[in-house]
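Everything on this sheet refers to the single structure shown next.
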Amino acid sequence: MKKFSFFLSFCSIVSLIACKEQALQVSKIEGKEININDSISSNKDLDEFIAPYAEHIEEEMSATLAYAPKSLSKTDSKYNTAIGNMEADAVLEMLQPLFVARMQDSIDGVLLNYGGIRSTINQGNITTKTGYNLMPFENEAVVVKLSAEAMQELFDYLAKHQAAHPISGMQLILNPDGSIKKATIQNKNLENGKFYYIATNDYLKNGGDHMDFFAKNDTVITMNYKLRNLFIDYFKKKDTIAPVRDERFIKLEE
């Protein structure tokens with residue numbers, strides 16, 4: 001009897017070892033679609049409970065902050081757009097006093113990404129909802145300290161991609177063949193050995209849109225300011241939002 005029990009125990013151990021060595025595989029996956037549509041009747045008690053909150057949110061989102069004399073879109077032109085210029089200039093204007101107070105230094109320039117402009121600004125009243133539509137993400141504003149060499153890579157990137165990435169505090173002029181004719185920051189050429197503070201968002205700082213030059217930084221200062229909130233505060237500060245295209249990023253014609 002003891003031998004038989006020992007044999008059973010031995011077989012159990014061997015079976016467990018064999019199970020561990022054999023990879024487990026999923027044999028079948030089942031799912032069921034639950035279609036949610038307007039055929040499902042609403043819950044009156046739940047609707048009445050939510051209604052005051054929904055009304056409050058709608059009131060907040062519809063509050064008029066400023067006025068736009070004409071519609072603004074990121075497709076208005078190729079190299080710089082009025083809406084992109086507004087975004088970059090807003091970041092510089094709103095962050096600068098905070099940065100000076102914290103760092104006793106100033107921001108030299110701003111670079112955002114073309115793809116981050118998620119909506120147009122329609123002619124008429126600009127509301128809180130406009131800010132959420134323009135920047136629906138949770139991106140934070142950061143300031144990155146870049147060397148002159150990294151700044152040159154920044155200009156080379158813009159020249160190569162030739163997209164209307166919003167910039168401020170900088171100027172880039174391309175020759176007809178796409179090469180760089182002029183690249184300045186705060187109206188000055190890059191100086192070897194000098195560092196520059198560039199405001200951007202945390203997505204680009206982490207290498208988004210292949211902006212690898214941001215990784216070559218000496219310091220990153222987190223501003224604890226969501227870009228969406230920054231734009232909303234900027235709208236509140238202005239009576240009228242009427243940015244224009246200018247010569248900050250252009251390509252010369254032949």
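Read the figures in this text as sums done on the coordinates, not as results from a lab. None of the values given here were measured: they were computed from a predicted structure. Note: ideal-geometry Cβ built from the backbone for every residue, glycine included; neighbour counts use all protein chains shown.
For this structure, a couple of remarks:
- Charged neighbours of Met211, selected by a Cβ distance under 14 Å, balance to -2 (K, R count +1; D, E count -1).
- Once the Cβ-Cβ distance of Ser73 and Phe49 is raised to the sixth power relative to R0 = 51 Å, the FRET efficiency obtained is 0.80.
- Cα gyration tensor, the chain - rounded (a/c under 1.5), prolate or oblate: oblate
- 222 nm mean residue ellipticity, helices alone, for the chain (DSSP H n ≥ 4; -39,500 (n - 2.57); rounded to 500): -12000 deg cm²/dmol
- Annotation for the stretch 102-142 versus the stretch 49-78: alpha-carbon center distance of 14 Å.
- With R₀ fixed at 22 Å, the C-beta to C-beta distance from Asn189 to Ala101 puts the FRET efficiency at about 0.15.
- Net +/- balance of residues flanking Met94 in space, Cβ distance below 14 Å, scoring K and R +1, D and E -1: +1
- Computed packing ranks the peptides 229-240, 155-166, 33-44 as 155-166, 229-240, 33-44, most packed first, by mean other Cβ atoms within 10 Å.
- Stretchable slack from Ala242 to Lys129, in nm (0.36 nm times residue separation minus alpha-carbon distance): 38.9 nm
- Environment charge of Asn175, counting only residues whose C-beta is closer than 12 Å and scoring Lys/Arg +1, Asp/Glu -1: 0
- Relative to the current alpha-carbon distance between Asn206 and Glu93, full extension at 0.36 nm per residue lengthens the span by 38.3 nm.
- Kirkwood analysis of the stretch 102-200, using all unique Cα-Cα pairs, places the hydrodynamic radius at 15.3 Å.
- As a length-normalised measure over Cα pairs under 8 Å and 6 or more apart, the relative contact order of the stretch 60-247 settles at 35 percent.
- For the chain, built as a Gaussian network whose Cα springs stay under 10 Å, the top-fluctuating residue of Gly178, Gly31, Gly193: Gly31
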